[in-house]
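Take a look at the structure set out below.
The values are calculated or read from the model by the stated rules, or taken from the named source; none is laboratory data. Everything numeric here is computed off the predicted structure, so don't read it as measured data. Note: ideal-geometry Cβ built from the backbone for every residue, glycine included; neighbour counts use all protein chains shown.
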Amino acid sequence: MASSVDMAEYFEKRHDNILQGIDNLKLEQGFRALNFQETNYPDLQNKSTRMIWMTRDGFTLVAMGLTGAKALQFKLAYIKAFNLMEETLRSQPMLGVREVCTLNEAALSLMASCTGICRILRIPEHIAQSESAKRVKQHTGIDLSPLLLLSPAQDGIAQEEMMLEPTELARVLGLGSPQQVNKWLEDRGLQVKSSDGWMFTEKGRPYCIRHAWSKGGKSGYNIKWNVEFIKTQAGSALMLR
């Protein structure tokens, strides 16, 4: 999920214009309820400011109505991805019923195994599903992303279950810089820095997860923190300054 703040920053638009654009969408109530979630966050002046969380479908719908260079790039990339998917499907050999069943069984088994491990580790359900789906695609080639969008765990995420990295926390909650957020977490005994980067402590374990990332041939882990816990503990943006 992405927020209206994220969208405004990415497309270089005013946040109030993004909110107005969402409000002006003539949508069925069911679609709006599933894809847009109203909330508030403290801005840099610690004032409660309106913000909207969006699913992938909601984000795409709003982005398609935007103008400007960044919006055009997004639309062209969307078209390119759709054409690439169509080309890939056409180039793949037709599988027999037995091969399809075997592949589906492997995907189902892997998904169940990964989500089961995540539950033992008390990882939130929506994150467990997303990470498990990545493993399924990696090992079987089956992309479960369209099905994830239909899962209640993905679209009905309670705000207290939202997990964000320090960079996102600093931006969305107005908590200074990512470095200030990490220092704040360290000062309160929630994480410590090692040669491998930041690691959560036993005190911080209930309020965070380790998140795997991969980019540009490199990979590693970072920590995502429970938004509501951080908001409650931080109190105001001034505490980080």
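Report whether or not I52 is touching a strand residue (DSSP E or B) at 6+ places or on another chain (Cβ under 7 Å), aliphatic (A, V, I, L, M) and assigned to a helix (DSSP H, G or I).
Working: touching a strand residue (DSSP E or B) at 6+ places or on another chain (Cβ under 7 Å): yes; aliphatic (A, V, I, L, M): yes; assigned to a helix (DSSP H, G or I): no.
Answer is no for this residue.
Quick one: in segment 199-240, which of the residues that are among the basic types (K, R) and surrounded by 11 or more Cβ atoms within 10 Å (Cβ to Cβ) is modelled with the lowest pLDDT? Show your work before the answer.
First pass over segment 199-240, keeping only residues among the basic types (K, R): 203, 205, 210, 215, 218, 224, 231.
Now drop any that are not surrounded by 11 or more Cβ atoms within 10 Å (Cβ to Cβ), which leaves 203, 205, 210, 224, 231.
Working: K203: 90, R205: 86, R210: 77, K224: 86, K231: 81.
Residue satisfying both the conditions and the ranking: R210.
I'd like the residue in segment 175-198 that is over 18 Å from K231 (Cα atoms) and exposed (fewer than 14 other Cβ atoms within 10 Å of the Cβ) and, out of all such residues, is modelled with the lowest pLDDT. Walk me through it before giving the result.
Taking segment 175-198 as the starting set, the residues that turn out to be over 18 Å from K231 (Cα atoms) are 192-198.
Applying the additional criterion that residues be exposed (fewer than 14 other Cβ atoms within 10 Å of the Cβ) yields 192-197.
Values: V192: 93, K193: 89, S194: 83, S195: 80, D196: 75, G197: 82.
Among those residues, the one meeting the criterion is D196.
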